[in-house]
Structure formats: C-alpha cells, structure tokens
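Take a look at the structure below.
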Amino acid sequence: MLKRISVTIFTLLVLYSGAKAQNFKDDIKKYINNIESIEDAHDKLNEQIEAIKFIESMHSLQSIKLMSEEEEEEDSNEDEDYKAAISIPSHLNSDSIKAELSGYFQKISFTQNLTPPSSEFRSGYDASDLALIFGIPLSNPNALINLTAHKIYYADGTIESPEKELLLKQYQEFDHARFIDSIQVKMVLHYPTAIQKISLSVEHTSVEDSTIQATSIEGREASLTLSENVYNNLVTIQGIDNNGKVLDHTSKSTSSNYSPSTSIYFQEIAKESQLIIDNIDNNKYSSFEDLKEDMLERLSSIEAPEESQRYTAWVQFKKKIKGVDIYYTTQQDSINISETIVNRDLPTTSEKGFHLASDPETYKYGIVDNTCNWIIEPQFLWLKHFRNLFYQGEKDENDPEYKTYKLDIENQTLAPYKYQIADTISGQYYLVYEGESPDKTGLMDRDEKIIIPLEKYSIYSPLKNLFIVKASKGETIKTGLYNELGQILLPEIYYPINVGEDGYIYASIYDNERLLTTIFDTDIKQITKDKWSAQNQFTPHSDLVLIEDENGSKFYINKQAEIVIPQSDEYEFDNEFWFGMTIVEQKDPETEEYKYGYIHADGKLTIPIQYDKALPFQGEYAYVEKDGKAMLIDKSNNVYKVLPLIIGNWGYVLDIDPAYTQYRLEDDSVLDGYGNFVRNI
C-alpha cells in the first residue's frame with residue numbers, strides 16, 4: 001500500500017520532494033490529471049486522507065538516538081581534564097581561502113572504473129578536505145561544489161564538447177566505457193564568509209522568527225528544531241556546561257520533518273478531500289469534468305506553506321549542559337576555477353592503449369582497448385596493472401599467491417611471466433623475485449634487464465636513480481648503495497645508510513664499539529674524515545653538522561668539511577642548529593644538574609647558560625624553563641611570552657614553520673611556536 005501511496009498521493013509528493021509554495025499548485029494539477037474517473041477520484045481521495053493520518057502520526061515520532069556504551073554513562077567526572085571546543089570564527093579570510101582552494105583543485109585527479117558498457121566516475125576531490133581548508137566543521141560540504149565538464153578528452157584521440165552543461169557529481173555513472181584521459185572542467189565553489197551564532201538555554205528556547213527552537217535541553221542532551229535554511233547552512237552545535245565551558249558534541253543525529261505550517265496545510269487538504277468525497281456520495285457532480293474543476297478550485301485555494309521541511313537535531317555532550325550555541329553560515333562568496341583534471345590511472349593504464357575493466361555481471365576483470373573491445377576476456381577475480389605490459393592477478397581463489405603476467409598483444413593473451421613483480425620503483429623499475437616467496441629480490445628495468453641480482457633482502461629508492469640495498473650477511477643485515485646501472489657506489493658494509501633531504505648520504509658502520517657515520521655528498525664524494533662521526537644531518541634550516549672525532553671532541557663543520565665552530569672548554573655541544581641558533585649545556589659539578597643556553601652560528605654565546613630546560617628556536621622564539629616556569633624568549637634573551645604551564649608528558653613537536661610547532665602543556669593544551677593556543681590533545 002505504501003508504494004502505491006507514494007506515487008499517487010499528492011501530500012506525500014509534497015512532503016518528500018521538499019516542494020516550495022510556488023510549486024504546490026502545479027503538483028495539485030498533476031495529481032488531478034492522473035485521476036481517471038469519479039470512482040477513481042473517490043478512491044484516491046480516501047487514500048489521500050489515510051496518507052495524511054499516517055504521516056501526521058509519523059510526525060510525532062522522535063529521532064532515534066544512537067550512542068556508545070561510554071555515551072550511555074552518567075555525567076562525566078567534572079574534575080577530569082577539560083578539552084576546549086573548536087573555536088568558530090564569525091568571519092573567514094576570503095583571500096586565503098581562495099588561494100588554498102585554487103591550489104587544492106590543481107592537484108586533484110579523477111578515477112574511472114570501466115564496467116562495459118558503462119563506467120563509474122569519481123571526481124577525485126574529498127569534500128571533507130574543504131572543512132580543513134575553511135578551518136571549521138561543515139555539515140554538508142558537497143553542497144558547496146558545482147563541477148561541470150566543458151571538454152572531455154578520450155584515450156582514442158576524440159574530444160567531446162557537451163552541448164548542454166554536464167554536471168559532474170562526486171560519484172556518477174557514464175553510459176559508455178571509453179577511457180577518459182582528462183576533462184576540462186569549471187568549478188564553482190561556494191564558501192562561508194560570515195557565521196552567525198545563536199545561543200539557547202532552558203530559559204531562552206527560541207529566536208524571534210522561530211527558525212531555531214530548543215525542544216529539550218536536559219542533562220547531557222539537547223534536541224533542536226531547525227528551519228531548512230539553518231539546517232542547510234549549519235556549521236556546528238556546541239554545548240555550554242554548568243561551569244560555562246564550551247563543549248563539542250560527542251554524538252549527533254538529524255532527521256527531516258515537515259514544518260508546523262505544512263501540518264496545517266495537510267489537515268486542510270484532508271478536510272477538503274472529505275467534503276469532495278461527501279459530494280460524490282451525494283451525487284453532487286453532474287460530470288467527471290465538474291468534479292475535477294471543483295477539486296482544483298478547493299485544493300488550490302488552500303494557502304500553501306512557504307517552507308515544507310523542518311529538521312530535528314539531537315546532540316549529546318560529555319558533560320551536563322545548561323545551553324547550546326548553534327553556528328550557521330549567513331553569508332557566502334564563490335570562486336570560479338577552470339582546470340584540466342587528469343585520470344589518476346593515465347600514467348600507467350593508457351601507456352599501450354589498454355585498460356583494466358570489469359564485467360558488471362560476473363565482477364571478473366579483463367583488459368579492453370581504447371575502443372572498449374575486450375582484448376582479454378574477463379576471467380580474473382582480481383587484476384592489477386603495474387606499468388608497461390605487466391599485470392598481477394588471481395584467477396583461482398585457491399591460488400596461494402597472486403601471479404605476474406605479461407600481455408601478449410599479438411596473441412591477445414596474458415602469459416605467466418618468468419619473475420614475480422613485488423612492486424614498482426619510481427615508475428621506471430620493477431622489484432622482482434623468483435618462486436613464491438619474496439625473500440630474495442632484485443631490480444629489473446623497463447627493458448626487462450636485471451640490474452641488481454635477485455639475491456637482496458630489500459631494495460628501495462630514496463632519490464632518483466639511487467637505490468639503497470639491504471643484503472643478508474650471515475645473520476646480520478648490511479646496506480649498500482647502487483645507481484640505476486646497477487653499479488655499486490657504496491659497498492654492502494654499512495648499516496644503516498640514510499639520505500638527507502638535500503641528497504647528502506649518511507653511511508654508518510661500527511668501528512669496534514663506536515658508531516661511525518660518514519657523510520658523502522650528492523656525487524658520492526666523502527666529505528668527512530675517516531675517524532669523524534656525524535651526530536646529525538644537514539637540514540633545510542642549517543648547513544652545519546655536529547661532528548665527534550676519535551678523541552671524543554665535538555665541533556661543527558659546514559658542507560665543505562671546514563670546522564666552523566671548534567670544541568669549547570666552557571660548555572658542551574649536543575644539538576643541531578635551528579634558525580641560526582643551537583643549544584649548549586653545562587654541568588654543575590656540585591649538583592650534577594645541567595643548565596642550558598644558546599650560541600649563534602658564528603660560535604658566540606648569545607644567551608647565557610641559565611635555563612633548566614631549553615628547546616631549539618622555532619623561528620624567532622625558543623621555549624625555555626627556569627625555576628619551574630615556562631616562557632618563550634627571543635634571540636636577544638628577552639622574554640616574548642610567559643606560558644601558563646610547562647610541557648607535559650606528551651612532549652613537543654618541532655617544525656620549520658612555527659605555526660606547526662606543538663608545545664603540549666601539562667593540561668593537554670597545545671601551543672604553537674608563537675605561544676598561541678591551537679587545540680587540546
């Protein structure tokens with residue numbers, strides 16, 4: 001019965017379509033035009049009345065509340081650590097948002113799953129990323145993006161320019177299975193620029209225009225009724241606990257319902273429908289057309305509501321609340337971006353004009369050409385394309401391992417390959433092994449030439465055309481360095497070998513019981529002396545490295561291996577340079593406790609040794625502690641900011657951008673490198 005009602009009853013059509021007032025009369029006409037006779041009108045009007053009774057009863061039901069066991073507990077301990085809620089700004093910076101959005105959409109790529117005769121398209125952007133760009137929660141981020149295709153470039157060389165605007169959803173199906181290389185798109189992105197805050201409490205439960213109402217605020221929960229406009233632009237709902245602290249919600253559910261004015265409208269529809277039924281029973285209509293005219297006049301004369309939908313939001317918090325703050329967007333701006341987005345699989349799958357595809361009925365995989373003809377019939381339970389003509393797949397679910405195949409274009413077959421491919425490296429090389437176990441691997445180039453023998457423990461590439469190779473030497477693992485020709489640059493005697501961000505190589509070996517780390521430049525030229533051991537690495541924020549020689553002396557050198565800061569008799573070196581400064585330490589002979597200060601890159605002591613704890617400079621400021629108090633100081637030892645607490649058990653995170661530095665204090669609050677509050681752990 002419900003299925004029949006959903007397509008024949010005007011009121012349900014109105015309800016579930018979210019129709020606006022101006023559309024109601026059109027829907028009434030459609031409803032009446034579908035009536036075939038006076039008897040049919042009698043039946044449909046009865047169904048109409050029953051449908052209204054049904055949806056009115058459903059209207060009284062509350063949202064189902066879903067919660068975890070933890071959420072079912074009584075109010076959390078008021079003495080436990082308080083975690084501050086997300087701070088919601090009233091205005092957002094349009095310029096920075098536009099710049100970030102433009103940069104974000106320049107990097108996206110789409111995916112296309114070929115399922116002949118159709119294909120599945122995924123746009124490549126993640127709507128949740130918008131919340132990170134905006135810096136605020138977003139209840140419905142997908143509604144902010146409008147993506148349209150202007151030109152479609154296919155792998156077979158054809159170009160399509162849609163005559164009508166082709167709207168690209170985040171996920172959608174195309175009625176063809178032709179591989180798309182790229183799409184020229186136009187994106188219109190709407191973003192909030194102003195945010196309204198509405199505060200409700202037990203005493204103050206609604207706003208003047210009734211667009212937001214608190215139907216219940218009790219314990220740790222609140223139920224709210226929101227207008228359609230508020231719901232569609234909702235940012236977040238926060239709670240205010242009994243101590244006045246702001247809380248983020250731990251659970252939330254929403255349900256749509258029609259507005260009170262819609263309820264009145266439906267009741268009037270039911271009343272008029274019953275009058276028409278009575279007229280039919282009393283033979284008041286001379287003809288079927290007379291009946292239809294009366295129905296149209298009566299039902300159209302009822303004043304339609306301006307808003308058909310209302311929304312119920314239920315939220316729960318960690319503590320008991322006395323009120324809630326509702327944030328929603330009141331102003332928006334938009335940005336237009338024109339980009340060409342490429343198929344994520346373009347670098348590999350279209351190289352030879354062949355593409356992975358799956359049969360939508362059997363769900364098995366095969367290979368098609370640019371015109372969507374099956375080259376390899378769908379027969380694989382799973383199939384992956386590495387690069388070139390190599391594939392990995394599974395035909396039988398009882399197979400213990402995936403097998404590697406090579407595409408024979410002439411004979412249109414996938415033949416088992418002599419090696420198994422474990423992975424690709426830099427898109428140019430294959431990590432290969434023989435048999436069923438990858439215990440011993442080697443490296444093969446795109447011409448199928450083995451450049452590193454299949455006898456290595458592991459191989460990976462930290463930089464283009466450089467390969468760090470681990471080999472088993474008895475019960476130990478040793479590491480060497482190879483180039484793209486398979487030539488040994490550093491023999492397999494080291495462990496480990498690391499490559500820095502700037503390409504300098506750090507190879508470690510034990511000299512008796514002393515770990516000796518030698519530095520090589522990008523040309524594999526040794527720059528440190530044989531008995532020197534590097535204690536850290538060259539970094540983007542420093543061209544100085546701390547060295548320890550065979551006598552235990554420590555000093556700093558530059559990239560030319562020149563000693564820039566010699567060993568000091570007054571204090572000890574043990575740290576790398578950050579922003580032109582490094583920490584030095586001095587041990588009190590009586591208490592055996594250390595004190596800390598800083599020297600400049602020129603070797604001069606610029607901040608006296610007086611602090612109980614010191615961290616590297618983050619930009620212009622450094623975190624220090626003295627007499628149990630924490631502060632940020634500048635490079636002249638002036639106090640920039642006194643901090644409320646010292647660093648706790650969660651420690652700290654350093655970064656070359658102070659905005660991303662994290663000082664995690666004893667109360668679990670997190671400050672950045674400028675001492676500004678960021679969030680709670």
Next on the checklist: Could you tell me how many of the residues in segment 419-433 are surrounded by fewer than 21 Cβ atoms within 10 Å (Cβ to Cβ) and not polar (S, T, N, Q)?
Outcome noted: 6
Checklist outcome for this item: Of LEU383, LEU346, the only residue that is within 30 Å of LEU168 (Cβ to Cβ) and touching a residue at least 40 places away in the same chain (Cβ under 8 Å) is LEU346
Checklist entry - Which members of segment 147-165 meet the condition of being buried (at least 16 other Cβ atoms within 10 Å of the Cβ) and of a type in the set (A, V, I, L, M, F, W, C)? => result LEU147, ALA149, ILE152, ALA155
Checklist entry - With respect to the numbered conditions (1) surrounded by 14 or more Cβ atoms within 10 Å (Cβ to Cβ); (2) touching a strand residue (DSSP E or B) at 6+ places or on another chain (Cβ under 6 Å); (3) in a loop (DSSP other than H, G, I, E, B), which one is the sole condition not fulfilled by ILE524? => result (1)
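Just checking, does segment 199-211 include any residue being of a type in the set (Asp, Glu) and either over 30 Å from ASP241 (Cβ atoms) or in contact with a Cys (Cβ under 8 Å, 6 or more places away or on another chain) (or both)? Show your work before the answer.
Within segment 199-211, the first condition is being of a type in the set (Asp, Glu), and the residues that meet it are 203, 208-209.
Among the residues that remain, those that are also either over 30 Å from ASP241 (Cβ atoms) or in contact with a Cys (Cβ under 8 Å, 6 or more places away or on another chain) (or both) are: none.
No, that holds for no residue.
Collect the residues in segment 557-570 that are crowded, with 19+ Cβ neighbours inside 10 Å and touching a Gly at 6+ places or on another chain (Cβ under 8 Å), keeping them in residue-number order.
If we filter segment 557-570 for residues that are crowded, with 19+ Cβ neighbours inside 10 Å, which is where we start, we get 557, 565.
Result: ILE565, single match.
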Next on the checklist: Name the residue that is modelled with the lowest pLDDT, counting only residues in segment 356-412 that are under 20 Å from PRO438 (Cα atoms) and in a loop (DSSP other than H, G, I, E, B).
Outcome noted: PRO400
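Restricting to segment 97-145, what's the tally of residues that are over 24 Å from ALA194 (Cβ atoms) and polar (S, T, N, Q)? I'd like the intermediate steps shown before the answer.
Quick first cut of segment 97-145, residues over 24 Å from ALA194 (Cβ atoms) only: 106-126.
Still in the list and also polar (S, T, N, Q): 106, 109, 111-113, 115, 118-119, 123.
Here the count works out to 9.
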Checklist entry - Which condition number in (1) in contact with a Phe, Trp or Tyr (Cβ under 8 Å, 6 or more places away or on another chain); (2) modelled with pLDDT under 95; (3) acidic (Asp, Glu); (4) surrounded by 14 or more Cβ atoms within 10 Å (Cβ to Cβ) is the one that ASP588 fails? => result (4)
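The values are calculated or read from the model by the stated rules, or taken from the named source; none is laboratory data. These figures come from a predicted structure and were not determined experimentally. Using ideal geometry, Cβ is built from the backbone for each residue, glycine included, and neighbour counts are taken over all protein chains shown.
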